[in-house]
Ligand SMILES: Cc1ncc(COP(=O)(O)O)c(C=O)c1O
C-alpha cells in the first residue's frame, strides 16, 4: 500500500473539488482509454499478471502525451500571470519542447526553445521538426555545459523582458513545477473510476519517472488507492529522482493547501533501466518496444516508454508480480521521438 498509516484519506470528489479551484485551461481529450493487453500478457508467460495500458499517449493535443495533462494547469497559470511568451530549455527530441511550442501556438503566445546540443540535432526530424512546424523560436546554446546553458537561458529571458514582454519561465516558475503533479492527482481519480467500472483493483503502476509518477504516487496516497507506483528513471540516479518527485508532488500539495506529503519510500524508484545514459536506447528497452509492437500493435518510444516498459517486463519475468495481480502501464507518449531513432531501432530489433 502506498498509504502511510494514519494518513487522512480524501474522497474522490473532495480532491476533484480542491483541484477545481486552480486555474485550468481544458486541452486534453479525457478520459484516456484504459486498455487490456492480453497478447502482451500471454507473451510474458503463464504466470504473468493482468496488464492494463493507460493510454496517455492519446491525450489528443499536438500528438499527445502525459504533458498535455500538465499543461492544462500551466496554461491556467500563464493566463493568470498575463504572460505573452514562454521559454523552455530542452534537447532536439524533447516532448516537453514540442508540446509547449504547440501550446503557445494554440493560445497566441511566442515560444522560445533554448536548444541543448545533442546527437539528434541533425537531421531535423521527430519533435524538432514539429517545433519548426508550430513556429517556435529556436535558440541554439553554444554547448551543453551547464554554465553555457544557464547563460543562454538568462540572456533569452533578459532580452525578452527588456523588450517589455511578459515571459513565463517554464522550468523555474513554482506553479509550473507543480503543474505535472496536479495533472496526475486528477488522473488518479480518473484511473480509480475506470478500474471501478472494470470491477478490478490494480496493485502496481509502472511509468517513466517524473512529475506524472509523483502525482500518481501522491494521488494514491491521498485516495487510499491500493497501487504502488514504480517510477522508472530514464536519466538520473534513483535518489535524485526520488527527491525530484517529492518536490514536485509537495509543490502540488502546497498549491492545494494539503498537509499530506509524498515522502521517500512512498513509491518504488529505480535507475536500473537507464542503460548507457539518457537518450541512448537500451537493449531491454528495444526488446520491450518490439514486444509491445508485435503483440498489441502498441507503439512505445526508445527513450522513455520503451525503457519504462522494459522494467515491467523484467518484473514479470522475475516473478516479482503475481498472476493474480493487475498492473497498469501508463503510456506517457513521446512517439515523435521514434522517427529520430530509426537506425538504432532497426539494429536493436533485428
Ligand atoms: C514521454 C515521457 N514520459 C515521461 C516523462 C517524465 O516526466 P514527467 O512525468 O515530468 O512528464 C517525460 C518527460 O519528458 C516524457 O517525455
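The values are calculated or read from the model by the stated rules, or taken from the named source; none is laboratory data. Worth saying up front: this structure is predicted, and the values here are computed from it rather than measured. Counting neighbours? That spans all protein chains shown, and the Cβs are built from the backbone with ideal geometry, glycine included.
Of the set (1) outside any loop (DSSP other than H, G, I, E, B); (2) within 21 Å of the chain's Cα centre (by Cα); (3) in contact (Cβ under 8 Å) with a residue 40 or more places away in the chain, all apply to residue 293 but (3).
Taking residue 62 as the residue in question, decide whether it is on the phi > 0 side of the Ramachandran plot and in a helix (DSSP H, G or I). It is true that residue 62 is on the phi > 0 side of the Ramachandran plot and in a helix (DSSP H, G or I).
Residues in segment 296-345 that are out of contact with any helix residue (DSSP H, G or I) (no Cβ under 6 Å at 6 or more places or on another chain), free of Cβ contacts under 8 Å to residues at least 40 places away in the same chain and surrounded by 23 or more Cβ atoms within 10 Å (Cβ to Cβ): there are none. Does residue 229 fit the bill of being under 18 Å from the mean Cα position of the chain (by Cα), within 16 Å of the ligand (Cβ to nearest atom) and surrounded by fewer than 24 Cβ atoms within 10 Å (Cβ to Cβ)? Judged against the criteria, residue 229 is not a match. Taken as a whole, the condition of being within 12 Å of the ligand (Cβ to nearest atom), within 24 Å of residue 180 (Cα to Cα) and part of a strand (DSSP E or B) does not apply to residue 241.
Residues in segment 36-80 that are under 16 Å from residue 188 (Cα atoms) and over 16 Å from the mean Cα position of the chain (by Cα): 52 alone. Scanning segment 173-211 for residues that are under 12 Å from residue 247 (Cα atoms) and either part of a loop (DSSP other than H, G, I, E, B) or in contact with a strand residue (DSSP E or B) (Cβ under 8 Å, 6 or more places away or on another chain) (or both) yields a single hit, 210.
Evaluating residue 23 against the criteria (1) in a loop (DSSP other than H, G, I, E, B); (2) in contact (Cβ under 8 Å) with a residue 60 or more places away in the chain leaves one unmet condition, (2). Checked against the criteria, residue 322 counts as in a loop (DSSP other than H, G, I, E, B) and at pLDDT below 95.
Only a single item in (1) within 13 Å of the chain's Cα centre (by Cα); (2) under 17 Å from residue 68 (Cβ atoms) is not met by residue 209, and it is number (2).
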